[in-house]
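**Student:** Mind looking over this structure? Questions follow.
What follows is calculated from the coordinates using simple rules that are stated; it is not laboratory data. Worth saying up front: this structure is predicted, and the values here are computed from it rather than measured. Here Cβ is always computed from backbone atoms with ideal geometry, including for glycine, and neighbour counts include all displayed protein chains.
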Amino acid sequence: MNNVDKIDIYFSGGTCGFASGAESVFLALKDEIKKNNLEQKVNILMTGCQGFCALEPLVTFYPQKILYAHLVPEDVKEIVQETLLKGKTVERLLYTDFLTKQKVISVDDVSYYKKQVRNLLKNNSFIDPLKIDDYIVSGGYKALKKALKMTPEEIIDIIKKSGLRGRGGAGFPTGKKWESAKKAEGEPKYIICNADEGDPGAFMDMSLLEGNPHSVLEGMIISAYAVGSNQGYIYVRNEYPLAIKHFSIALEQARKNSFLGKNILGTDFSFDIKIIRGGGAFVCGESSALRASIEGKIGEPSVKYIHATDKGLYDKPTVLNNVKTWANIPLIINNGAKWFSSIGTENSKGTMIFSLVGKINNTGLIEVPMGIKLREIIYDIGGGIPGNKKFKAVQTGGPSGGCLPERCLDLPVDYESLTKAGSMMGSGGMIVMDEDNCMVQVAKYFLTFTQDESCGKCTPCREGTKIMLDILTDISCGKGKEGDIELLEEMSNLIEDTSLCALGGSAPNPVLTTIRYFRDEYESHIKEKKCPARECKALIRYKILEDVCNGCHLCFKNCPQKAITGEPKKVHDIIQDKCTKCGICFDVCKFDAVSVV
Amino acid sequence: MTDKVKNIISRYEKKQENILSVLEDLNAEFNYLSEDVLRNVSSEFNLPLSKVFSLATFYKAFSLKPKGKHIVLVCMGTACHVRGGPKISEQLEQILNIKSGETTPDNLFTLETVNCLGACALGPLMVIDGKYHGKVTSGKISKILKEYKK
Amino acid sequence: MVKFSIDNKQIEVESGTYLLQAAKKLGIDIPTLCHHPALEPYGACRICLVEITKESWKGWSKLVVSCAYPVENDLIVYTNSEKVIKARKFILELLIARCPESDTIKKLAEKYEVAPASFSLNYEPTDCILCGLCVRVCGELIKQNVISFTHRGSNRKVMTPFNKESDVCITCGACAFVCPTGVIKLEDILGKRKIEPWHTELPLYKCKKCGKGFVSTKQLQLLKDKCVSIGDIIELCPECRRKKATEAPICRPVGATEGKGV
């Protein structure tokens, strides 16, 4: 083989990797390596999600740092022959950088990664999540060993000084939370990891749990020691079977290595964790509903005005933190509070992981320092909007957040700035929308979600959001009336003020922000009965362009309503009365002969 | 109580904390939760039947009706939504002639939606029996379904 | 003791008291629907919302449910501020939309000057406001757990398992007693006690003295099991029990003679 002694091959896995077909390519590559007797010289492993989901199946080779993208099983022969045996790169498998428009050989030259600070996600690219040794070799459990030599007060002090704020959405100072739990009366104390990640479009927590489960585990163990807990839970949504599997394996391995269980590393401190699977209820991401669910009850939030750190799970002092919050702990213990607080802004320290998805070229998981501008994320990292379409809005904070327009793109991404603009940091989902997305439809989408996920306990959330959804549905069908916008605003404010929990309390946010920033769109739907983005079915028509249609008959064959007339090689036509506006004809036409008016 | 049910229930300590796990395992085994199974769980865990029934109807993970041979799942997460997820869902409803949440009369397909599977780069996403069909377009749907009709 | 003010009146109460009870002490009436003094606060209806603030909050205030918010030193509470009235009216509007035919809701709406429904929710007609009092009394006090909240969101409904006849209901009627809108109906007919909408019917036990059916046999048995030493008096209907009690004392005070009454 070329002048390199050993080659490490890192295959990007995780749910997104598997979904794109990574497994078959991985197995084919392994097989080909075996066939060529290269097992001694090549170390190949499946890592977690390496973050650039748009390129998957993707693989990186070290020490050369070569990156190949969009692989299929048929590529592996060439990879082995050219790259492993001859030391050459396979041009066609290289990624064409969106910024430089050049083929990129090295990972270091990929623009997507340049503005990122991958403190938490780094290991997702290099370790086998099923091997604890990989984690240990990369510095894993050093923080735990260090922490066990400190006092609980010292640990809490470091976390306080670091400025770490909860990464689940609320942004509560983590050190302060731990301190309250430590001081609270009541035994036993509990540590919980909220891995419910219900925000649609968010998969950061999933990727951390799949790709680097020990980082989360180590953080929880350190906290348990600091707070004085012997029992922890991780509540994972059941839609994440791979994350559950990897975390289970991590628990077993940690126990075997005395990082978890009785008398951890020979000390008096004992702590263990139980995995609880969610049941498919977004409301269980809310702290008191999550605890009810762990206790084997329905996920109904509690009316009690008492902090979980005083009376939480089973009415005992409880620390509940998000996956990303836990993953930050070992880094802070190892590198110090000063190191952590040197990243980010004055009130928002450290890095944040976002899932950058939707109408964006470079879909994936990104990790950036707090304070970076939205514009930088969308254009410098995200590569802008596909098909040269115009950017319209970016949604942050999930169903509790809001849609921010173009004029907000220079906002720094931090807790306060996003909240001031009407949105929120949330758990890290960042969904980009373009000119073809109707903002009334976006508001309707989120309220439909709320209605679907509301536990139904309190009047304002259960009934109020239903009425709001009905109004939005009317507006999108051309039945909106003068005064509807003001009514939506008024109801939004009342629902926010009167709901029992944060689900209802924040459900109107997407409506309020879309009205705030896209009022003209609402007005167009109401006054002119027009949908500017041409998405609202009742307000659009599909039309076949006579001068473009060549009679290929494809739309006729695919129309489920048989609403298209026309003979092969002759211009076709749509029978409007039969047309249900499903859009299949528009999608299948290869000649752009179907237009939306 | 059948042996299968007994075995599954015996996997867990009879604490209320384990009830969701038991129900999930039973739902996975039998494809749904029957009245008998819920009564078994109620008596074995010493939890009132009304509470078990509450759990079975509150959480989306459970079904009280048997499902079809193939589960067609459409992701309705925000990222898939902005990329045309609802269109795919509607088209599936038209092609299968059922509404989301229902099963075809021949018990072949159950159509369901889920609020985000975490594979947003592949949106719009359709998953059949655990197999991911990413970036699915209108033209592809019928073809993909044909495979399962065999 | 905790010192604070409600509607500009100073008050001092024991720590652990909720605002609702504290207000009552001052003669201030706050409407409630899902509250019951014998049950844990639930906070579902939201009609008992009040506005709270503190001097240190620099003008910021929030709405909280008075049935579950514990008193705090220096708290400033308003039960009828503009914010509270607006919120209360909103809740009532939503409840009217949900249960347009309910007399209880109509009366409350009238009291708080809320106009008839401007929204419609298109539910199947119901008078159930999902306050949960029936579920909670059956679970917390009677401990039979006959009914529960099922499904979720707008589909939330109180029912027996599978919406069928219950095998644990004793037809005690506690749920009907606490229901604020009269949805639950207890009926004695042809020697049976029927309770809807729980689809349950149980044979009545006949009074050993007058022969009138007064309790379901199941409920009687439960009472016998729970109060082992109560004796035969439990097999008499309440009227006959009272008569017997006036004829001869059940518990004889020390030194008392036969026939003197209690």
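**Student:** On C-alpha positions alone, give me the angle between the axis of helix B:19-30 and the longest principal axis of chain B, in degrees, nearest 10.
**Tutor:** Roughly 60 degrees, rounded to the nearest 10.
**Student:** What ranking of A:Glu56, C:Glu140, C:Glu113, A:Glu521 emerges when the number of other C-beta atoms within 10 Å of each C-beta is taken as an exposure proxy, fewest first?
**Tutor:** C:Glu113, C:Glu140, A:Glu521, A:Glu56
**Student:** Give me P(r) over segment B:3-58, computed from all C-alpha to C-alpha distances, binned every 10 Å, as integer percentages.
**Tutor:** The calculated distribution, bin by bin, is 25, 66, 9.
**Student:** When the convex hull of the Cα atoms of segment A:351-434 is projected onto a plane and the area is averaged over all directions, what value comes out in nm²?
**Tutor:** 4.5 nm²
**Student:** To continue, here is another question. Which of the helices in chain A meet the span-like rule: DSSP H, Cα axial reach of 18 Å or more, Kyte-Doolittle mean at least -0.5?
**Tutor:** A:22-35, A:213-227, A:241-256, A:323-335, A:439-453, A:484-498
**Student:** Relative contact order (percent) for chain A, with alpha-carbon contacts under 8 angstrom and 6 or more residues of separation?
**Tutor:** 11 percent
**Student:** C:Lys9: which lysines have alpha carbons under 25 Å from its alpha carbon, excluding same-chain residues fewer than 8 sequence positions away?
**Tutor:** C:Lys24, C:Lys25, C:Lys54, C:Lys58, C:Lys62, C:Lys83, C:Lys86, C:Lys89, C:Lys111
**Student:** Put a dot 7 Å past each Cα toward the Cβ at C:Ser61 and B:Asp106; how far apart are the dots in nm?
**Tutor:** Between B:Asp106 and C:Ser61, the simple spin-label model gives 6.6 nm.
**Student:** Let me ask something else. In debye, nearest 20, what is the charge dipole magnitude of segment B:1-84 about its Cα centre with +1 on Lys and Arg Cβ and -1 on Asp and Glu Cβ, if you could check?
**Tutor:** Dipole magnitude for segment B:1-84 comes out near 280 debye.
**Student:** Roughly what % antiparallel, to the nearest 5, for the DSSP beta bridges in chain A?
**Tutor:** DSSP beta bridges in chain A are roughly 55 percent antiparallel.
**Student:** Which residue, A:Ile9, A:Thr513, A:Gln561, has the largest displacement toward the positive end of the dipole of chain A when charges sit on each Cβ (Lys, Arg +1; Asp, Glu -1)?
**Tutor:** In chain A, that residue is A:Ile9.
**Student:** Here's a follow-up. Shielding of C:36-46 by partners, i.e. mean partner chain Cβ atoms within 10 Å per residue?
**Tutor:** Rounded to a whole number, the mean comes out at 4.
**Student:** Return the long-range amide H neighbours of A:Gly168 (sequence gap of 5 or more, or a different chain), with a cut-off of under 5 Å between placed amide H atoms.
**Tutor:** A:Asn322
**Student:** In deg cm²/dmol, rounded to 500, what helix-only [θ] at 222 nm does the protein assembly as shown give when every DSSP H run of at least 4 residues adds -39500 (n - 2.57) and the total is split over its residues?
**Tutor:** So the calculated ellipticity at 222 nm is -9500 deg cm²/dmol.
**Student:** Please give the FRET efficiency for C:Lys224 paired with B:Glu13, using the beta carbon to beta carbon distance and R0 = 30 Å, rounded to the nearest 0.05.
**Tutor:** For C:Lys224 and B:Glu13, the calculated efficiency is 0.30.
**Student:** In the Gaussian network model of chain C, springs joining C-alpha atoms below 10 Å, which of C:Pro180, C:Pro116, C:Pro100 carries the largest mean-square fluctuation?
**Tutor:** C:Pro116
**Student:** Could you state the angle between the C-alpha long axis of helix B:35-45 and the longest principal axis of the C-alpha atoms of chain B, as a value from 0 to 90 degrees rounded to the nearest 10?
**Tutor:** Tilt of helix B:35-45: around 50 degrees.
**Student:** Expressed as a whole percent, how much of the Cα-Cα distance distribution for chain C exceeds 29 Å?
**Tutor:** The proportion of pairs with Cα distances above 29 Å equals 49 percent.
**Student:** What residues from segment B:52-83 fall in the zone where the backbone N is under 18 Å from a label point 7 Å along the Cα-to-C-beta line of B:Lys4?
**Tutor:** From segment B:52-83, the list is B:62-71.
**Student:** To the nearest 0.05, how large is the calculated FRET efficiency for A:Lys77 and B:Ile71 if R₀ is 30 Å and r is the Cβ-Cβ distance?
**Tutor:** 0.25
**Student:** Viscosity 0.890 mPa s, temperature 25 °C: what is the translational diffusion coefficient of segment C:1-54 from Stokes-Einstein with a Kirkwood Rh over Cα pairs, rounded to a whole number of µm²/s?
**Tutor:** 202 µm²/s
**Student:** A 31 angstrom limit on the alpha carbon distance is what I want to check against. Which of C:Lys107/C:Lys224; A:Lys444/A:Lys543; A:Lys479/B:Lys87; A:Lys527/B:Lys143; B:Lys51/C:Lys192 exceed it?
**Tutor:** From the list (C:Lys107/C:Lys224; A:Lys444/A:Lys543; A:Lys479/B:Lys87; A:Lys527/B:Lys143; B:Lys51/C:Lys192), the Cα-Cα distance tops 31 Å for C:Lys107/C:Lys224; A:Lys527/B:Lys143.
**Student:** Further question: Using the Kirkwood radius over Cα pairs, work out the Stokes-Einstein diffusion coefficient for chain B at 4 °C and 1.567 mPa s, in µm²/s as a whole number.
**Tutor:** 77 µm²/s
**Student:** What does the charge count near A:Gln253 come to, summing +1 for each Lys or Arg and -1 for each Asp or Glu among other residues with Cβ under 10 Å from its Cβ?
**Tutor:** That works out to +1.
**Student:** What Kirkwood hydrodynamic radius do you get for segment A:176-238 when you take the inverse of the mean 1/r over all pairs of distinct Cα atoms, in Å?
**Tutor:** Result for segment A:176-238 stands at 12.8 Å.
**Student:** Also, I was wondering about something else. Can you give me the three principal axis dimensions of the protein assembly as shown from its C-alpha atoms, in Å, biggest first?
**Tutor:** Sorted largest first, the three principal extents are 116, 79, 65 Å.
**Student:** Under a 5 Å amide H to amide H cut-off, with H placed in plane at 1.01 Å, what residues pair with A:Gly344 once short-range neighbours are removed?
**Tutor:** Here A:Gly350, A:Met370 satisfy the definition.
**Student:** List the residues, sorted by chain then number, that are 5 or more residues from A:Gly312 or on another chain and whose placed amide H is less than 5 Å from its amide H.
**Tutor:** A:Thr318
**Student:** Now a separate question. Dividing the Cα radius of gyration by the Kirkwood radius, what Rg/Rh value follows for segment A:117-184?
**Tutor:** 1.05
**Student:** While we're on this one: Only Lys, Arg, Asp and Glu count, each charged at its Cβ (+1, +1, -1, -1), so figure out the dipole size of chain A about its Cα centre, rounded to 20 debye.
**Tutor:** I would put it at about 740 debye.
**Student:** Right, something else. Using a Förster radius of 60 Å, what is the FRET efficiency between A:Asp410 and A:Glu154 based on their Cβ-Cβ separation? Nearest 0.05, please.
**Tutor:** That pair, A:Asp410 with A:Glu154, gives E of 0.90.
**Student:** Also, I was wondering about something else. Stretched out fully, how many nm does the piece from A:Lys6 to A:Lys103 gain, at 0.36 nm a residue minus the Cα gap?
**Tutor:** 32.4 nm
**Student:** Applying the Karplus parametrisation 6.51 cos²θ - 1.76 cosθ + 1.60 with θ = phi - 60° to the phi angles of segment A:184-201, what ³J(HN,Hα) value in whole Hz is obtained for each residue in order, glycine and proline being reported as x?
**Tutor:** 5, 8, x, 9, x, 9, 10, 10, 10, 9, 8, 10, 7, 4, x, 4, x, x
**Student:** Which ³J(HN,Hα) values in Hz, rounded to whole numbers, follow from the phi angles of segment B:5-16 under the Karplus curve 6.51 cos²θ - 1.76 cosθ + 1.60, where θ = phi - 60° and Gly and Pro get x?
**Tutor:** Each residue's phi maps through the Karplus curve to give 5, 4, 4, 5, 4, 6, 5, 10, 5, 7, 10, 4 Hz.
**Student:** Report, to two decimal places, the Cα Rg of segment A:541-596 normalised by 2.2 N^0.38 Å (N = number of residues).
**Tutor:** That works out to 0.94 for segment A:541-596.
**Student:** Let me ask you something else. Return, for the Cα atoms of segment B:61-150, the radius of gyration and Dmax in Å, separated by a comma.
**Tutor:** 12.1, 34
**Student:** Okay, next question. For the protein assembly as shown, with the dipole built from +1 on Lys and Arg beta-carbon atoms and -1 on Asp and Glu ones, taken about the Cα centre, which of A:Ile79, C:Thr200, A:Gly402 lies farthest toward the positive end?
**Tutor:** C:Thr200
**Student:** Turning to a different aspect of this structure: Mind checking the dipole of segment A:351-434: about its Cα centre, +1 per Lys or Arg Cβ, -1 per Asp or Glu Cβ, Debye to the nearest 20?
**Tutor:** Dipole about the Cα centre, nearest 20: 320 debye.
**Student:** Express as a percent, rounded to the nearest 5, the fraction of DSSP beta bridges in chain B (both residues included) that run antiparallel.
**Tutor:** DSSP beta bridges in chain B are roughly 55 percent antiparallel.
**Student:** Tell me the net charge near A:Gly350. Cut-off is 11 Å between Cβ atoms, A:Gly350 excluded, with +1 for each Lys or Arg and -1 for each Asp or Glu.
**Tutor:** It works out to a net charge of +2.
**Student:** Still on this structure, please answer the following. Starting at the first residue of segment A:304-310, write each ³J(HN,Hα) from the Karplus equation 6.51 cos²θ - 1.76 cosθ + 1.60 with θ = phi - 60°, in whole Hz, x for Gly and Pro.
**Tutor:** Karplus-based 3J(HN,Hα) across segment A:304-310 equals 4, 8, 9, 6, 4, 5, 8 Hz.
**Student:** Listing C:Ser148, C:Ser229, A:Ser476 from the residue with the fewest other Cβ atoms within 10 Å to the one with the most, what is the order?
**Tutor:** C:Ser229, A:Ser476, C:Ser148
**Student:** Hey, another quick one. Want the number for A:Lys262 to A:Val90: 0.36 nm per residue separation, take away the alpha-carbon distance, what's left?
**Tutor:** 56.7 nm
**Student:** May I pose another question? Just rank B:Val22, C:Val228, A:Val440, fewest to most, by other beta-carbon atoms within 10 angstrom.
**Tutor:** In order of increasing Cβ crowding within 10 Å: C:Val228, B:Val22, A:Val440.
**Student:** How big is chain A by the Kirkwood estimate over distinct Cα pairs, in Å?
**Tutor:** The answer is 26.0 Å.
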